[in-house]
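A.B. asks: Below are the structure tokens for one structure; questions will follow.
Just so it is clear, none of the values below were taken in a lab; they were calculated from the coordinates. On a predicted model such as this, the values are computed, not experimentally measured, just so you know. Cβ placement follows ideal geometry from the backbone for every residue including glycine, while neighbour counts extend to all protein chains displayed.
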Amino acid sequence: MASTAAKPVVPPKDLETFREHLRKSTRILALLGAGMSASSGLPTFRGAGGLWRTHEAMQLATPEAFDANPGLVWQFYSYRRHMALNAKPNPAHYALAELAKKKDNFLTLSQNVDGLSPRAGHPSGKLKLLHGSLYDVKCSEFFCSYFETDNYTDPIVPALAIPTDESDPTTTTALEARAKARELDISDESVALPELRIRDLPRCPTCKKGILRPGVVWFGEALPTNVMDDIDTWIAADKKIDLIMVIGTSARVFPAAGYIEEARAKGARVAIINMDRNDAGKGKLFKQDWFFEGDAAQIVPELLKGEIGELGEMMDLRDG
Ligand code: BJW
Ligand code: ZN
């Protein structure tokens, strides 16, 4: 008779060797990518889900795209702010946040801009945001230094509100129609984007001239100097690193991906957690490394259980 036992999230032997190494590790890095937030409902950049309307997400994440069409790029980012604000951190975010509290010398390098790690209670000193945040906003004028953090206003300006379907025939008043209205999915190209004039976009309160832009790092732009410096200082603080966990990233974007080899050069064993075996980094997986195939939201808490215990109620108590 076929066994009905659930397939273990990770092979028991690998789980055992990983947990044993983690228990002994003192200097630990984690590198996070979009796959970390996939089970929170946020799309990744490459592969399925990497298309926003007819545009590749990667093509919209450039200064050139913003210069050419700031309205379209704002519609993309306004949509992502809205989605991320309405998403919840998943068990992988909570598990890493707990590990950060337990291990003094653990540093997380996140490429994600969605705010889910901070919302899971990840200590801020142990979380380096390589590509900025959806909730930072800055002036796009070269000579203006206006920069704002923690801007959670959704929509950031009225013109960027997600359009709704107010045509429900069962409603009788405008108020009722608005209450029942469903948001339309503007990532779907068949949904019309609202008309947008340049003057309706968020404007810089300092120089009054520049259009504000998301405070994220686009291709060709330098990563925040203070963030890079903090990471360099952490890496240089000791001649060894024990472990780097590479979670939900295709590891194709630099300098982020370069931290894997930097850690390895200091002796780190590499643990990759990814849905797709092709993203293990061809030819780059060494004998002492681990590849855990599947959803980070399931695998990460399982891997860390020996250090942090069961997540259980801490997830219910946090984030509203
Ligand atoms: C799951 C899952 C589940 C799915 N569970 N897993 C060296 C060599 C070659 C090129 C360069 C180089 N150094 C620099 C460059 C150029 C460039 C670059 O790297 N290009 C590459 C394409 C080759 N880098 C830059 O331009 C960087 N800047 C720079 O180097 O500046 C130098 C400079 C110095 C001084 C002055 C001026 C300049 C900047 C890079 C910025 C990247 N920005 C973006 C957008 C951020 C804002 C936003 O979010 O919109 O960052 S692009 C995009 O890619 C985003 C991501 O953070 C980043 C990485 O993507 P990620 O997270 O890996 O996502 P995916 O979709 O690729 O992968 C998801 C993975 O999850 C997949 O593997 C799935 O299988 C997996 N998965 N579900 C587990 N449930
Ligand atoms: Zn300005």
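A.B. asks: Could you go through the stretch 113-125 in sequence order and give the Karplus-derived ³J(HN,Hα) for each residue, using 6.51 cos²θ - 1.76 cosθ + 1.60 with θ = phi - 60°, rounded to whole Hz, and x for Gly and Pro?
C.D. replies: 10, 7, x, 6, 5, x, 5, 7, x, 5, x, 5, x
A.B. asks: List the relative contact order of the stretch 161-283 as a percent without decimals, with contacts defined as Cα pairs under 8 Å and 6+ residues apart.
C.D. replies: 15
A.B. asks: Which peptide among 89-96, 121-128, 286-293, 300-307 comes first, and what is the full order, when sorted by highest mean count of other Cβ atoms within 10 Å?
C.D. replies: Top of the packing list down: 89-96, 300-307, 121-128, 286-293.
A.B. asks: Ok, one more. In nm, what is the difference between 0.36 nm times the number of residues separating Asn86 and Glu261 and their Cα-Cα distance?
C.D. replies: Taking Asn86 through Glu261 to full extension adds about 59.5 nm, to one decimal.
A.B. asks: Counting only C-alpha contacts under 8 Å and six or more residues apart, can you give the relative contact order of the chain as a whole percent?
C.D. replies: Relative contact order for the chain comes out at 25 percent.
A.B. asks: If you don't mind, another one. Could you work out the relative contact order of the stretch 224-304, using alpha carbon pairs under 8 angstrom and six or more residues apart, expressed as a whole percent?
C.D. replies: 27
A.B. asks: A further question follows. Evaluate the charge dipole of the chain about its Cα centre and quote only its size in Debye, nearest 20, assuming +1 on the Cβ of each Lys and Arg and -1 on the Cβ of each Asp and Glu.
C.D. replies: 880
A.B. asks: For the chain, what is the mean residue ellipticity at 222 nm derived from helices alone (per DSSP H run of n ≥ 4: -39500 (n - 2.57); sum divided by total residues; nearest 500 deg cm²/dmol)?
C.D. replies: About -9000 deg cm²/dmol.
A.B. asks: Another question, if that's okay. On a full-extension model of 0.36 nm per residue, what is the gain between Arg197 and Thr62, subtracting their alpha-carbon distance, rounded to one decimal in nm?
C.D. replies: So the chain would gain 46.5 nm between Arg197 and Thr62.
A.B. asks: Please list the non-local residues whose amide H lies under 5 Å from the amide H of Phe291, H modeled 1.01 Å from N, same-chain partners needing a gap of 5 or more.
C.D. replies: Here the answer is Ile272, since their amide H atoms fall under 5 Å of that of Phe291.
A.B. asks: Dipole size in debye (nearest 20) for the stretch 104-224 around its Cα centre, Lys and Arg Cβ +1, Asp and Glu Cβ -1?
C.D. replies: Here the size comes out at about 580 debye.
A.B. asks: Suppose each label sits 7 Å from its Cα in the direction of the beta carbon; what would the Val227-Asp276 distance come out to in nanometres?
C.D. replies: 2.3
A.B. asks: Thr149: net charge of surrounding residues, Cβ under 11 Å, Lys/Arg +1, Asp/Glu -1, itself excluded?
C.D. replies: Cβ neighbours under 11 Å give a net charge of -2.
A.B. asks: Taking amide hydrogens as modeled 1.01 Å from N in the peptide plane, which residues meet the under 5 Å criterion relative to Gly132, leaving out close sequence neighbours?
C.D. replies: Correct list: Val217.
A.B. asks: Using only Cα atoms, find the angle between the long axis of helix 70-86 and the longest principal axis of the chain, and express it within 0 to 90 degrees, rounded to the nearest 10.
C.D. replies: For helix 70-86, the angle is close to 60 degrees.
A.B. asks: Of Tyr259, Ala97, His21, which is farthest on the positive side of the dipole of the chain, counting Cα position, with +1 on Lys and Arg Cβ, -1 on Asp and Glu Cβ, and the Cα centre as origin?
C.D. replies: His21
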